[in-house]
């Protein structure tokens, strides 16, 4: 099968006459490379990541959402264990293993370069990877141990101008851009080709040495082991002479003592600057690691002590602590008595302020609700439908009586709230007639005496009717209210098949409509959380048909079964 990558996708065919676009338009992006796995699946590298194909279907998409950033995938390599190593331009190396996708460069202490133009394995078990900054070589065993977190760092060998390259910028390459001839490789660069003959590196364990110590920026005797408290800086300079440039040596350091830190990120710098260490005993350690990724590198240590001031000694601190505790106890006894009254008074006023705010919101909800009901009755009077106007007044009277009875109650039993809602919906149904049908379902396992916030559901019923169902044309409006419970909450769902919020907004001069009742309900929920430690949430969902036409609105109100009223001290 012939596979061809283009800037607008890919094509394939058994002969050049049979070549046709493939998986178009699902894949319409620049294709860089192809790779066939042992099981026959095809890996496709593109400017936006990678695809894995099986039987002409996409079974995996590895893109920015999976962490594959950069400028595209350039190379693949399947190892003996079935892991797929993926080289990218700008994001380094990735591993695709049993449907898991991991950035190797994103792992801590990985020193691989960010460009991987090709991946090829030599007969010594090393991967070669070309880049815009020379040729990198890393042991497959070290790479796997690092990936499996058996090795805490990964250092590759690095071949540059010192290895004979005229230019370290390798051709970006596509389709694993290299040629293998017998036991050597040929890689392209922007200044000719590089012939690389793999050799088995000669291992030599490195031993770093501390070359100098500077105290307060002044060279000190390395035999000195204690320093005055006035020491504001200690600089350690170190080196390691038994390594080749291609071995790509890095250093790690750590400090053990009063101030601790673990092994640092591998670094090329050969000095460490410690500043303003507190008094105590310390041990500074440094080790060197290179492309061999030694599991037990040699460590060079230097122990020293920062002497304390007199007032920092233990005996002085004990005496000072005893005197201070005596003063604090005496002072605290006086302050506690004074502060206790101030705190109680402050908390009392805070509770009163919250209670006044809740009552104010409740007072606004009641007249707002009654005003909307009277508009319905006004409609019957204007239409000279006096029979319905009279019946509406009777219903309104019942609603007002119910509202006055519960005007000072923030929580009422769910059975009373249901009666309240039914009376309101019936009043609206008198105006809309057959245009409005409704159903209210309460789960049988809900205790009718369960308390819920008063006038918390009604504003959303009002919105469903007035801004959704009332504007329907040639369609019967359906309002459904379902109330269920779980272990902690009462969950009320108000769903309508009205025109939806977007269309309602257009009818309101192009602005999204947020009713006063809804706004007051949101404010009330915040204050209930603050004053009663009462948890409630409101989620509004726009409903759509399969053809993405608006089919109404769903409001889900979750109310806790319990609330905690603070004491009234």
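Key figures for this structure:
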item	result
Inter-probe distance in nm under a simple model that places probes 7 Å from Cα toward Cβ, at residue 216 and residue 301	2.9 nm
The chain: angle of helix 314-382 to the longest principal axis, Cα-based, in degrees nearest 10	50 degrees
Förster-model FRET efficiency, 25 Å R0, residue 47 and residue 186, C-beta, rounded to 0.05	0.45
Relative contact order for the stretch 2-196, counting Cα pairs under 8 Å that sit 6 or more residues apart, in percent	12 percent
Spin-label model distance (nm) - residue 281 vs residue 8, 7 Å beyond Cα toward Cβ	7.6 nm
Where labels lie 7 Å past Cα in the beta-carbon direction, separation of residue 312 and residue 530 in nm	4.7 nm
Whole-number percent relative contact order across the chain, with pairs defined as alpha carbons under 8 Å at least 6 apart	6 percent
Full-stretch length increase - residue 256, residue 166 - with 0.36 nm per residue and alpha-carbon distance subtracted	27.9 nm
Crossing angle, helix 516-532 versus the chain [Cα axis fit, 0-90 degrees, rounded to tens]	70 degrees
Length-normalised contact order of the stretch 144-255 in % [C-alpha pairs under 8 Å, at least 6 apart]	25 percent
Within the chain, helix-based [θ] at 222 nm, where runs of 4 or more DSSP H residues each add -39,500 (n - 2.57), nearest 500	-9000 deg cm²/dmol
Rounded FRET efficiency, nearest 0.05, which uses the C-beta distance separating residue 419 from residue 488 and R0 of 30 Å	0.75
The stretch 172-249 and the stretch 119-139: distance between their alpha carbon centers, rounded to Å	18 Å
Theoretical gain in end-to-end length, residue 269 to residue 203 [0.36 nm per residue, Cα-Cα removed]	21.5 nm
At R0 = 41 Å, FRET efficiency that the Cβ-Cβ distance of residue 343 and residue 507 yields, to 0.05	0.20
0 to 90° range, to nearest 10: angle between helix 414-432 axis and the chain longest Cα axis	70 degrees
Listed values (i) 219; (ii) 148; (iii) 289, entry calculated as volume of the Cα convex hull per residue in Å³	(iii)
Per-bin percent of Cα-Cα distances, the stretch 1-110 [5 Å]	3, 12, 23, 25, 19, 11, 5, 2, 1, 0, 0
Extension reserve of the residue 30-residue 333 stretch, reckoned as 0.36 nm per residue once the Cα distance is removed	101.4 nm
For 112, 432, order by how many other beta-carbon atoms lie within 10 Å, fewest first	432, 112
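Coordinate-derived values only; no laboratory data. Small disclaimer: the values here were computed from a predicted structure and weren't measured. Neighbour counts run over all protein chains shown; Cβ positions are idealised from the backbone, glycine included.
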